[in-house]
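One structure below.
Read the figures in this text as sums done on the coordinates, not as results from a lab. Note that this is a predicted model, so its numbers are computed, not measured. Note that each Cβ is placed from the backbone with ideal geometry, even for glycine, and that neighbours are counted across all protein chains shown.
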Ligand code: MSP
């Protein structure tokens, strides 16, 4: 029996999980499940990256501690993974003691090797943000976060002798040409390293949210040294019990997005070389999911939330779509239309129809019994089975599923050709149905890594017990009789689906129109008495959370801190502002408005805004006011 260790990146807790994050974790789960089915002892790790400037700044904006922010967001990742049937063996959080201990153990080894030295770090510094920014992020001499002016500053820092590892890394890449996958990315990395590496600053004294540098605690460790170490600290490296580390390290596959390739393919192996720890076997950089031509991001407001898709269509459907729709190394664009098309064509039509048809025929004609068959499908089934495994060895989910679907399509054709419904209960029908049922069992096993629930249902409905690749035999005997089920993947009426989506948008427009009508009515110069006005309670509120209302491009749902309480308020300002623009802002609100629902989401108050040709312009105070302050 072999062993297989696979990891996902650990996700920053300054952001809620979106479809891009879900993709990476689903692909890792797909490989982990595949290896379990091969009979490999498998360890699958995921987790959250909870230290560093990004998290500290987000927490500051919300007026909470970084740990409070991490505790809140980590749950969203954990819950989404449960919902998506992710079968991780561990979930590491970098704020856990076990992780911190392990990081210190790695650092100690790097110090012992003579690779850490103290010097000064010089770079663009923003006084308002109290932080350094990489040269490349500075735009026109301004910091990327708030556009404050930056100055060049020197700060004391500890450095890692990364330059020393230029040659050893190049030698390693040459000896392991498939270290980084796909090949084009390996070349990118090599070219970068060939230009020569600079020593790397590995501590920061401008922030305090991180693991303190031992014996010089005004410095905290650079978040990437902290984060990358998770891959071994989770296995108990540097602890009393490092049996998992001994068993599973080196990692077989670090699955990551292409944007974090350099950290994994250059820094991480160099850190490991320094600490004299073996290097991982493969790093696979996948492409991005885009929406409207851009990589999904909070600030662009083009995030696809996987939760409603799972609620409406099931985790298997979303998993299948993401794995099948785009080659792993390329970018792909998410659209509702492509999603529904895939569901209808591949799942409802091809697999769903085949399954319900064969089960119904077996039940009708042979009381659910599957016989030996005449072997007419066995050879083509094993041919496809080999192609599937080859694609899996090449880490190609899309290609592996394509081989299965080509086979499903040939099974549907085989049924049409043999017409087992024409001569019910005949010898020929018996052979046809038994052959297709056996082939379908093989299909179910192969789709199990992608769609564990549906695969289980198919195998169970055919009356077989679950098996794994290692023990698979075509001739397996049923343990119970096959029984019919309704289509596993009901067909979606595309027209109706998009009408409903439109309805959602229309409802939103109506809400807007209502607001405009009220404004029009009030144009009639009707004056109100001061007593009347006093009835309206206006207060300052600090926006601590903001996200878009699903299926709406105007509405933003905010959590607003009013000192004594936090309230949920929905506002139609999403065309002008992104949720990120709002977090941390203190604005005036109508506090005693009756609660109302906007697109089904409760709103308990109203933000005040200027109106410039129909465009909302938010108002702010000239001086700082505490949340909840009355406005009169
Ligand atoms: N915390 C670091 C990783 C440290 S690993 C030691 C980080 N976190 S992240 O939350 O910003 O990104 C996590 C992963 O999600 C990355 O691999 C990134 O490529 C992936 N994705 C983020 N947006 C994505 C898409 N739109 N599409 C696909 N994956 C993308 O980086």
- prompt: How much length is gained if the chain between residue 119 and residue 428 is pulled fully straight, taking 0.36 nm per residue apart and subtracting their Cα-Cα distance, in nm to one decimal?
  reply: 103.0 nm
message: Taking the Cα of residue 410, stepping 7 Å toward and past its beta carbon, and measuring to each backbone N in the stretch 441-467: which are under 13 Å?
response: 443
- prompt: Using only the Cα atoms of the stretch 150-274, what do you get for the radius of gyration and for Dmax, in Å?
  reply: 16.1, 49
- prompt: Whole number please: convex hull volume per residue of the Cα set in the stretch 80-129, in Å³?
  reply: 193
query: Which three extents, in whole angstrom, do the alpha-carbon atoms of the chain cover along their principal axes, largest first?
result: 90, 76, 40
- prompt: Can you give the Rg to Rh ratio of the stretch 316-362, both from alpha-carbon atoms, with Rh computed by the Kirkwood formula?
  reply: 1.11
statement: Quick note, the stretch 400-447: a/c under 1.5 would make it rounded; otherwise a/b > b/c is prolate and the rest oblate (a ≥ b ≥ c, C-alpha gyration tensor); here it is oblate
- prompt: Once the stretch 402-483 is represented by equal point scatterers at the alpha-carbon sites, with solvent omitted, what log10 I(q)/I(0) does the Debye formula produce at q = 0.13, 0.20, 0.21 Å⁻¹?
  reply: -0.42, -0.97, -1.05
query: Can you give the convex hull volume of the alpha carbon atoms of the stretch 286-360 per residue, in Å³?
result: 95
message: So if each residue of separation counts as 0.36 nm, and I subtract the Cα-Cα distance between residue 83 and residue 65, what length gain in nm does that give?
response: 3.7 nm
task: Work out how much length residue 195 to residue 421 would gain on full extension: take 0.36 nm times their residue separation and subtract the Cα-Cα distance, in nm to one decimal.
output: 74.5 nm
statement: Highest mean packing first, using Cβ neighbours within 10 angstrom, the peptides 538-546, 345-353, 150-158 sort as 538-546, 345-353, 150-158
query: Separation between the residue 139 and residue 292 pseudo-spin-labels, each 7 Å from Cα along Cα→Cβ, expressed in nm?
result: 1.7
5 Å binning of all Cα-Cα separations within the stretch 244-395, expressed as whole percents from 0 upward: 2, 7, 10, 13, 14, 13, 12, 10, 8, 5, 3, 2, 1, 0
Spacing of the two label points (7 Å from each Cα toward its C-beta) at residue 246 and residue 565, in nm: 5.8
- prompt: According to a simple spin-label model (label point 7 Å from Cα along Cα-to-Cβ), what is the distance in nm between residue 457 and residue 148?
  reply: 5.5
message: From the P(r) of the stretch 49-111, could you give the percentage of C-alpha pairs in the tail past 13 Å?
response: 69
- line: quick shape note, the stretch 67-202: Cα extents on principal axes in Å, largest first -> 47, 46, 35
task: Give the Debye-formula value of log10 I(q)/I(0) at each listed q (0.13, 0.14, 0.22 Å⁻¹), with one equal scatterer per alpha carbon of the stretch 1-109, two decimals each.
output: -0.55, -0.62, -1.16
message: For residue 205, project a label point 7 Å along Cα to C-beta. Then give me every residue of the stretch 146-161 with its amide nitrogen under 20 Å of that point.
response: 151-161
- prompt: Which FRET efficiency, nearest 0.05, do residue 378 and residue 41 yield, Cβ-Cβ r, R0 35 Å?
  reply: 0.70
message: Suppose R0 equals 60 Å. What FRET efficiency, 1/(1 + (r/R0)^6) with r the Cβ-Cβ distance, do residue 602 and residue 90 give to the nearest 0.05?
response: 0.95
